[in-house]
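Asker: Please see the structure below; I have some questions.
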Amino acid sequence: MNAPNQLLRILGLDPGLRRTGWGVISVEGARLTHIAHGVIAPKDSLPFSERLLVLFDQISEVVALHAPHEAAVEETFMNTNAQSALKLGHARACCLIAPARAGLSVAEYAATVVKKAVVGTGAADKTQVGFMIRRLLPTAGDTTADAADALAVAIAHAHARRARTLGRVA
């Protein structure tokens with residue numbers, strides 16, 4: 001575990017079978033800096049297993065390219081459609097396994113926790129999250145909703161990690 005003011009890179013992931021957002025930030029003390037972000041969007045025409053392989057491989061490439069120290073993934077919300085929830089669970093597994101395979105610790109956060117960390121309320125919508133990402137990480141520019149959500153997951157992890165670290169110091 002890095003010291004409280006040591007530079008730390010965090011990979012945030014917002015799982016989705018059609019669009020998985022990713023974002024990398026660096027954290028030094030209370031300072032957050034945007035490193036990179038993007039969206040992984042496997043072709044819908046690919047068989048299910050190949051779409052999952054694309055997700056896994058591209059997340060692994062992001063990890064190799066940006067060398068994060070830790071990763072954070074948004075937890076799956078309850079879906080009324082069991083088939084959709086199951087498929088999202090498969091995509092989420094790729095988001096958990098790829099960084100873990102690279103030796104990273106992987107934290108998980110509920111969407112309400114992520115929204116509260118970035119916007120101040122767990123009931124925030126995607127527009128509000130995007131707005132706050134532009135304010136908190138101005139060099140990120142305009143982001144898609146998926147990438148903004150992934151950056152928000154990384155920020156939520158940075159805040160939670162800092163709170164745990166400060167709690168130990170006090």
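Asker: Mind checking which residues of the stretch 145-168 are β-branched (Val, Ile, Thr) and at pLDDT 95 or above? Walk me through how you get there before you give the answer.
Answerer: We begin by selecting, within the stretch 145-168, every residue β-branched (Val, Ile, Thr); these are 153, 155, 165.
Of everything in the stretch 145-168, those that are β-branched (Val, Ile, Thr) and at pLDDT 95 or above turn out to be VAL153, ILE155.
Asker: Limited to the stretch 47-91, what total is found for residues that are within 23 Å of HIS34 (Cα to Cα) and touching a residue at least 60 places away in the same chain (Cβ under 8 Å)?
Answerer: The total comes to 6.
Asker: Say we look at the stretch 74-101 and pick out the residues that are within 13 Å of the chain's Cα centre (by Cα) and not in a helix (DSSP H, G or I); which of these is surrounded by the most Cβ atoms within 10 Å (Cβ to Cβ)?
Answerer: Among those that are within 13 Å of the chain's Cα centre (by Cα) and not in a helix (DSSP H, G or I), it is GLU74.
Asker: Please enumerate the residues belonging to the stretch 1-17 that are surrounded by fewer than 24 Cβ atoms within 10 Å (Cβ to Cβ) and modelled with pLDDT of 95 or more.
Answerer: We begin by selecting, within the stretch 1-17, every residue surrounded by fewer than 24 Cβ atoms within 10 Å (Cβ to Cβ); these are 1-9, 16-17.
Answer for the stretch 1-17, where residues must be surrounded by fewer than 24 Cβ atoms within 10 Å (Cβ to Cβ) and modelled with pLDDT of 95 or more: LEU8, ARG9.
Asker: Check LEU32 against each of (1) farther than 12 Å from LEU151 by Cα; (2) surrounded by fewer than 24 Cβ atoms within 10 Å (Cβ to Cβ); (3) at pLDDT 95 or above; (4) over 14 Å from the mean Cα position of the chain (by Cα) and name the one condition it does not meet.
Answerer: (1)
Asker: Kindly establish whether SER105 is loosely packed, with under 14 Cβ neighbours inside 10 Å, among the hydroxyl-bearing types (Ser, Thr, Tyr) and at pLDDT 95 or above. Reasoning before the result, please.
Answerer: Working: loosely packed, with under 14 Cβ neighbours inside 10 Å: yes; among the hydroxyl-bearing types (Ser, Thr, Tyr): yes; at pLDDT 95 or above: yes.
It is true that SER105 is loosely packed, with under 14 Cβ neighbours inside 10 Å, among the hydroxyl-bearing types (Ser, Thr, Tyr) and at pLDDT 95 or above.
Asker: Identify all residues within the stretch 108-126 that are crowded, with 16+ Cβ neighbours inside 10 Å and under 20 Å from LEU136 (Cβ atoms); write none if there are none. Full working, then the answer.
Answerer: Within the stretch 108-126, the subset crowded, with 16+ Cβ neighbours inside 10 Å is 108-109, 111, 113-119, 124.
Scanning the stretch 108-126 gives TYR109, ALA111, VAL113, VAL114, LYS115, LYS116, ALA117, VAL118, VAL119, ALA124.
Asker: Checking the condition under 18 Å from ARG101 (Cα atoms) and basic (Lys, Arg), which residue from ARG18, ARG9, ARG51 passes?
Answerer: Values: ARG18 fails: under 18 Å from ARG101 (Cα atoms); ARG51 fails: under 18 Å from ARG101 (Cα atoms).
When all the criteria are applied, what remains is ARG9.
Asker: ARG92 - would you say it is among the charged types (D, E, K, R), out of contact with any Leu (no Cβ under 6 Å at 6 or more places or on another chain) and closer than 18 Å to VAL27 by Cα?
Answerer: Numbers: among the charged types (D, E, K, R): yes; out of contact with any Leu (no Cβ under 6 Å at 6 or more places or on another chain): yes; closer than 18 Å to VAL27 by Cα: no.
Against the criterion (among the charged types (D, E, K, R), out of contact with any Leu (no Cβ under 6 Å at 6 or more places or on another chain) and closer than 18 Å to VAL27 by Cα), ARG92 does not qualify.
Asker: Scan the stretch 102-112 and tell me whether some residue there is under 22 Å from ALA41 (Cα atoms) and either assigned to a loop (DSSP other than H, G, I, E, B) or polar (S, T, N, Q) (or both).
Answerer: Yes, that holds for at least one residue.
Asker: Does the stretch 127-166 hold any residues that are of a type in the set (Gly, Ala, Ser), touching a strand residue (DSSP E or B) at 6+ places or on another chain (Cβ under 9 Å) and surrounded by fewer than 15 Cβ atoms within 10 Å (Cβ to Cβ), and which are they? Give the derivation first.
Answerer: Step one: filter the stretch 127-166 for residues of a type in the set (Gly, Ala, Ser), giving 130, 140-141, 145, 147-148, 150, 152, 154, 156, 158, 160, 163.
Add one more test, that the residue is touching a strand residue (DSSP E or B) at 6+ places or on another chain (Cβ under 9 Å), and what stays is 140-141, 145, 147-148, 150, 152, 154, 156, 158, 160.
Across the stretch 127-166, the qualifying residue is only GLY141.
The values are calculated or read from the model by the stated rules, or taken from the named source; none is laboratory data. What you are looking at is a predicted structure, and each value in this text was computed from that prediction instead of being measured. Every residue, glycine as well, gets a Cβ built from its backbone with ideal geometry; the counts of neighbours run over all protein chains shown.
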